[in-house]
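Q: The structure is given below, and queries will be raised subsequently.
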Amino acid sequence: MTQTPDQRRVSEIARSLNRYEWRPTAEEVKCGAEFFQLAQSLEEAEHPRFPRDTSAKPWTLRLHTENVAVLAEEITLLREEFLPQWREHLAADSPMTELVDLYVRGAQPVVRHADAVLAAWEQTTLPEPTAEEIGYRTRYSGAAAKDVAARLRYDIAAAWEKEPVRRSLWEEMGPAWNFLGAVRSTMMAAVSGAVEY
């Protein structure tokens with residue numbers, strides 16, 4: 001499969017890191033750490049309009065729709081506040097700011113659909129789980145009724161997301177999510193110093 005120029009550039013930066021050709025400065029490490037703090041605070045924040053399945057602890061299963069909403073918010077903050085601030089502190093050719101810029105660019109196929117995805121979510125009225133369903137699952141699972149209800153709400157919303165029109169949209173976004181993962185992995189290696197992989 002042919003790589004895009006941005007994919008090639010992330011690979012080049014990762015190789016330069018792995019070969020110790022790029023040795024991140026303390027300021028670059030700080031930039032990367034702040035990127036992850038920003039992302040984590042947005043990803044872990046409560047978004048009450050989206051049901052979550054918290055029964056899969058320590059992980060929480062989230063809807064694709066919530067992930068899109070969070071990424072759109074994250075990209076706005078990175079583009080309008082984070083990058084301008086860090087460009088003042090780091091060298092113009094810093095691989096760390098280039099990685100953040102690549103992340104912002106790479107997110108555009110997802111962000112482009114964010115308004116439509118969120119509009120579809122807001123216009124949808126999903127059924128609530130019935131008291132009978134909650135009672136039945138509570139008796140057989142041993143879980144608290146509120147956790148069972150949360151899981152059922154999540155399952156109903158996840159089924160809505162699997163409808164063909166939305167499923168094809170998630171598939172279309174897949175390559176962008178994969179690219180963002182590659183950028184984040186490279187940034188994490190630069191921040192942690194675990195570059196030999």
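Q: Are any residues in the range 74-92 in a helix (DSSP H, G or I), open to solvent by 60 Å² or more (accessible area, probe 1.4 Å) and either hydrophobic (A, V, I, L, M, F, W, C) or in contact (Cβ under 8 Å) with a residue 12 or more places away in the chain (or both), and if so, which ones?
A: Hits for the range 74-92 are Arg79, His89.
Q: What are the residues in the range 139-163 that are among the aromatic types (Phe, Trp, Tyr) and either open to solvent by less than 80 Å² (accessible area, probe 1.4 Å) or not in a helix (DSSP H, G or I) (or both), if any? Lay out the reasoning, then the answer.
A: Narrowing the range 139-163 to residues among the aromatic types (Phe, Trp, Tyr): 140, 154, 160.
Answer for the range 139-163, where residues must be among the aromatic types (Phe, Trp, Tyr) and either open to solvent by less than 80 Å² (accessible area, probe 1.4 Å) or not in a helix (DSSP H, G or I) (or both): Tyr154, Trp160.
Q: Against the definition (in contact with a Ser or Thr (Cβ under 6 Å, 6 or more places away or on another chain) and either of a type in the set (Val, Ile, Thr) or part of a helix (DSSP H, G or I) (or both)), how does Arg166 come out, yes or no?
A: Criteria not met by Arg166.
Q: Just to verify a result, which residue in the range 5-47, among those that are among the aliphatic types (A, V, I, L, M) and within 20 Å of Asp93 (Cβ to Cβ), is farthest from the chain's Cα centre (by Cα)? Spell out the reasoning first.
A: Residues of the range 5-47 among the aliphatic types (A, V, I, L, M): 10, 13-14, 17, 26, 29, 33, 38-39, 42, 45.
Still in the running and within 20 Å of Asp93 (Cβ to Cβ): 10, 13-14, 17, 26, 29.
Details: Val10: 18, Ile13: 21, Ala14: 20, Leu17: 24, Ala26: 26, Val29: 21 Å.
This residue is Ala26.
Q: Also, quick follow-up: How many residues does the range 164-197 hold that are open to solvent by less than 80 Å² (accessible area, probe 1.4 Å) and among the charged types (D, E, K, R)? Lay out the reasoning, then the answer.
A: So in the range 164-197, the residues open to solvent by less than 80 Å² (accessible area, probe 1.4 Å) come out as 166, 168-170, 173-174, 176, 179-187, 189-195.
If we keep only those that are among the charged types (D, E, K, R) too, we end up with 166, 184.
Counting residues in the range 164-197 that are open to solvent by less than 80 Å² (accessible area, probe 1.4 Å) and among the charged types (D, E, K, R) gives 2.
Residues are listed down the side, and each one gets a yes or a no for (1) open to solvent by 40 Å² or more (accessible area, probe 1.4 Å); (2) within 18 Å of Asp6 (Cα to Cα); (3) in contact (Cβ under 8 Å) with a residue 60 or more places away in the chain:
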residue	(1), (2), (3)
Tyr103	no, yes, yes
Gly106	no, yes, yes
Pro109	yes, yes, yes
Ala116	yes, no, no
Pro129	no, no, no
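The values are calculated or read from the model by the stated rules, or taken from the named source; none is laboratory data. These numbers come from a predicted model, not from an experiment. Note that each Cβ is placed from the backbone with ideal geometry, even for glycine, and that neighbours are counted across all protein chains shown. Heavy atoms of the whole protein, side chains included, go into the accessibility calculation; ligands, DNA and RNA do not. Shrake-Rupley method; radii C 1.70, N 1.55, O 1.52, S 1.80 Å.
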